[in-house]
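**Q** My structure is below; once you've seen it, I'll send some questions.
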Amino acid sequence: AFAAEQYAEAGIAANRIGTLTSEIYGSESIEYGLACGDLAAVQSRAGELPAAATNYNKAIDLIEEREGIVSPQLITLLMGLAAMQNASGQWDLGLETYNRALRLNHVELGLNNIEQMPIRDGLTESYLGLGSIADANFQQEVQMRIVRDEFSNDLTKLTQASNKLAG
């Protein structure tokens, strides 16, 4: 239902999964935290931003309590929270949250990994929302360098990255 953009149905399923996960694993478990993150993603897409923020924060708190503040499981949750913050015009919070996700990404995968591209796109959006064109441009320049290092012989990838930077 989520992939089909049927968010009402996805929300019902995510709520049910959260309830079952809490009953089976407990309301303080990692599994329940991840279920809260899934529910938050549905709520965010459905435009239920306050509820999404609550569930993203609940998920983040549970993962931090169980796995620590550098858990790689936090990256996706932080990206979801930051995207929701940007969508609600909270550019400064989105920037802060995306930066935290980026730091965790670097700890997990190194400085020049291709997996950081969606995070840098979110940072670009945050900076644009704050009116900082130079900082937004920097995020895209970093992506261009990573793509060039990773795919130096793939003209299609380099062209895509160049077009994104130009945009």
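None of the figures in this text is laboratory data; all of them are computed from the coordinates on show. Note that the structure is a prediction, hence the values are computed from the model and not measured. Cβ sites come from the backbone with ideal geometry, for glycine too, and all protein chains shown count toward neighbours.
**Q** So what is the relative contact order of the chain, in percent, for Cα pairs below 8 Å that sit 6 or more residues apart?
**A** Relative contact order for the chain comes out at 13 percent.
**Q** For the chain, rounded, prolate or oblate, judged on the Cα gyration tensor with a ≥ b ≥ c (square roots of eigenvalues), a/c < 1.5 rounded, else prolate if a/b > b/c?
**A** Since a/c reaches 1.5 and a/b is larger than b/c, the shape of the chain is classed as prolate.
**Q** Also: Alpha carbon centre of region 41-94 versus region 98-131: separation in Å?
**A** Cα centres, region 41-94 to region 98-131: 15 Å.
**Q** While we're here: Assigning unit charges at the beta carbon (Lys, Arg +1; Asp, Glu -1) and nothing else, what dipole magnitude in debye, to the nearest 20, does the chain show about its Cα centre?
**A** 360
**Q** Decide, for region 9-57, between rounded, prolate and oblate: order the square roots of the alpha carbon gyration tensor eigenvalues as a ≥ b ≥ c, take rounded if a/c falls under 1.5, and otherwise choose prolate if a/b is larger than b/c, else oblate.
**A** Because a/c hits 1.5 or more and a/b fails to exceed b/c, region 9-57 counts as oblate.
**Q** Mind pulling the angle between the C-alpha long axis of helix 30-45 and the longest principal axis of the chain? Nearest 10 degrees, somewhere in 0 to 90.
**A** For helix 30-45, the angle is close to 70 degrees.
**Q** Taking 0.36 nm per residue of sequence separation and subtracting the Cα-Cα distance, how much length would be gained by fully extending the chain between residue 24 and residue 144, in nm to one decimal?
**A** Working it through step by step, the gained length comes to 38.6 nm.
**Q** Tell me, what HN-Hα J-couplings in whole Hz come from the Karplus equation 6.51 cos²θ - 1.76 cosθ + 1.60 at θ = phi - 60° for each residue of region 117-129, using x for Gly and Pro?
**A** Per residue, the Karplus-derived 3J(HN,Hα) values read 4, x, 5, 5, 5, x, 4, 4, 4, 4, 4, 4, x Hz.
**Q** Sticking with this structure for a sec: Say a paramagnetic label sat at a point 7 Å from the Cα of residue 54, along Cα to Cβ; which residues of region 1-17 have their backbone N under 20 Å from it?
**A** Answer for this model: 7-17.
**Q** A follow-up question, please. Output the 0 to 90 degree angle, nearest 10, between the alpha-carbon long axis of helix 91-109 and the longest principal axis computed from the alpha carbons of the chain.
**A** With both axes taken from Cα atoms, the answer is about 80 degrees.
**Q** Something else about it: Helix 73-87 versus the longest principal axis of the chain: what is the Cα-based angle in degrees, 0 to 90, to the nearest 10?
**A** Between the helix axis and the principal axis of the chain, the angle is about 80 degrees.
**Q** Relative contact order (percent) for region 51-142, with alpha-carbon contacts under 8 angstrom and 6 or more residues of separation?
**A** After rounding, I find 23 percent.
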